[in-house]
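A.B. asks: Take a look at this one; I'll ask things after.
The values are calculated or read from the model by the stated rules, or taken from the named source; none is laboratory data. Just so we're clear, the structure is a prediction, and the values are computed from it rather than from any experiment. Positions of Cβ are generated from backbone atoms using ideal geometry, with glycine treated the same way; all protein chains shown enter the neighbour counts. The protein model used for the area step is the full one, side chains on, heavy atoms only, and it has no ligands, DNA or RNA in it. Shrake-Rupley method; radii C 1.70, N 1.55, O 1.52, S 1.80 Å.
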Amino acid sequence: MQHQDDIAEETGPQASPVYRQKPRPVGFEVIYRLEDDRLVVDTGRRVDTIPLSAITQVRLTFESKTAVREVYRTTLRIAGGRSLSLTNVDWSGLSGARTQNGAYTAFVRALVAAVAKANPGVTIRCGRSHVAWLLLAAIGIGTVVGVAAFSYQAVSQGAGTAALLGLLVLALACWQLMPLILRNRPRPATADDLPADLLPG
């Protein structure tokens, strides 16, 4: 899968930060645009205008999907109970997806700075909630311990093939789960100090 960065801002001295993304294999491209104190979201079928001052929480998280291993997500909580999210993944139909890390990071930084300016009381969260993270960590540790115990028992009984299979599964589990656990640990942040492990370079 080819990784490619897009331009997050239009050219010109008065250009507004813009981010384009097709979030699903089937559907329309979504265009996010920062205009003064508003976030304009154009889904192709409708255009929503969200006052930045109405955004009460920003959360940055990391996910791992089948099509794209490293998915970075920004979720906005809006007064009134609404939410909105965008990721670094852009789908090109059913043929696959690509990441646009540079464009995503540039836009998210601009977005968070603008929201913090419009609403100084906004809460910026990084990673999962404490309950969700503890559950994720428990599942991850339990999986690793269980596979490691199976591999040890297989070695002690001289079952080399089973032991090798267990070690391969253990390596795969660590490769998949460790980034999810480490990057999604709950922590606060500020608009001036966003964690690099939740914003792709």
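A.B. asks: Name, by its number, the condition in (1) crowded, with 17+ Cβ neighbours inside 10 Å; (2) farther than 24 Å from P23 by Cα; (3) among the polar types (S, T, N, Q); (4) modelled with pLDDT of 90 or more that does not hold for T99.
C.D. replies: (2)
Here's the yes/no breakdown for (1) β-branched (V, I, T); (2) closer than 24 Å to R187 by Cβ:
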position: L94; (1), (2): no, no
position: N101; (1), (2): no, yes
position: T105; (1), (2): yes, yes
position: A118; (1), (2): no, yes
position: A138; (1), (2): no, yes
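A.B. asks: How about the stretch 21-78: which strands (runs of 3 or more DSSP E) wholly inside it have at least 2 residues that are farther than 21 Å from S95 by Cα and either among the aromatic types (F, W, Y) or open to solvent by 70 Å² or more (accessible area, probe 1.4 Å) (or both)?
C.D. replies: In the stretch 21-78, 47-51 are the strands (runs of 3 or more DSSP E) which contain 2 or more residues that are farther than 21 Å from S95 by Cα and either among the aromatic types (F, W, Y) or open to solvent by 70 Å² or more (accessible area, probe 1.4 Å) (or both).
A.B. asks: So, one more: With the requirement that a residue be of a type in the set (D, E, K, R) and either assigned to a helix (DSSP H, G or I) or touching a residue at least 24 places away in the same chain (Cβ under 8 Å) (or both), what does the stretch 79-101 give you?
C.D. replies: Passing the criteria: D90, R98.
A.B. asks: Kindly indicate the residue of the stretch 190-201 that is open to solvent by 50 Å² or more (accessible area, probe 1.4 Å) and at pLDDT 85 or above and also nearest to H130 (Cα to Cα) among those meeting that condition.
C.D. replies: In this case the residue turns out to be T190.
Rundown of residues vs (1) part of a helix (DSSP H, G or I); (2) polar (S, T, N, Q); (3) surrounded by fewer than 16 Cβ atoms within 10 Å (Cβ to Cβ), yes/no style:
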| residue | (1), (2), (3) |
| --- | --- |
| A103 | yes, no, no |
| R109 | yes, no, no |
| G121 | no, no, yes |
| A138 | yes, no, yes |
| V147 | yes, no, no |
| G158 | no, no, yes |
| G166 | yes, no, no |
| L172 | yes, no, yes |
| Q176 | yes, yes, yes |
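A.B. asks: Among the residues of the stretch 178-189, is there at least one that is over 19 Å from L134 (Cα atoms), touching a residue at least 24 places away in the same chain (Cβ under 8 Å) and in contact with a Leu (Cβ under 9 Å, 6 or more places away or on another chain)?
C.D. replies: yes
A.B. asks: Then there's this: Could you give me the residue pairs with C-beta distances under 7 Å whose first residue belongs to the stretch 130-145 and is within 13 Å of C174 (Cβ to Cβ), whose second residue is open to solvent by less than 100 Å² (accessible area, probe 1.4 Å) wherever it lies, and which are 6+ apart or on separate chains?
C.D. replies: G140/L177; G140/I181; T143/A173; T143/L177; V144/L170; V144/A173; V144/C174
A.B. asks: Within the group T74, T105, T99, which residue is touching a helix residue (DSSP H, G or I) at 6+ places or on another chain (Cβ under 6 Å) and of a type in the set (S, T, Y)?
C.D. replies: Going through T74, T105, T99 in turn, the sole match is T74.
A.B. asks: For the stretch 123-136, give me each residue that is more than 19 Å from S53 (Cβ to Cβ), hydrophobic (A, V, I, L, M, F, W, C) and crowded, with 16+ Cβ neighbours inside 10 Å.
C.D. replies: Within the stretch 123-136, C126, W133, L136 meet the criteria.
A.B. asks: Contact list please: Cβ distance under 8 Å, first residue in the stretch 24-53 and under 19 Å from T99 (Cα atoms) and among the hydrophobic types (A, V, I, L, M, F, W, C), second residue open to solvent by 70 Å² or more (accessible area, probe 1.4 Å) and part of a strand (DSSP E or B), pairs at least six apart or on different chains.
C.D. replies: V30/R20; I31/R20
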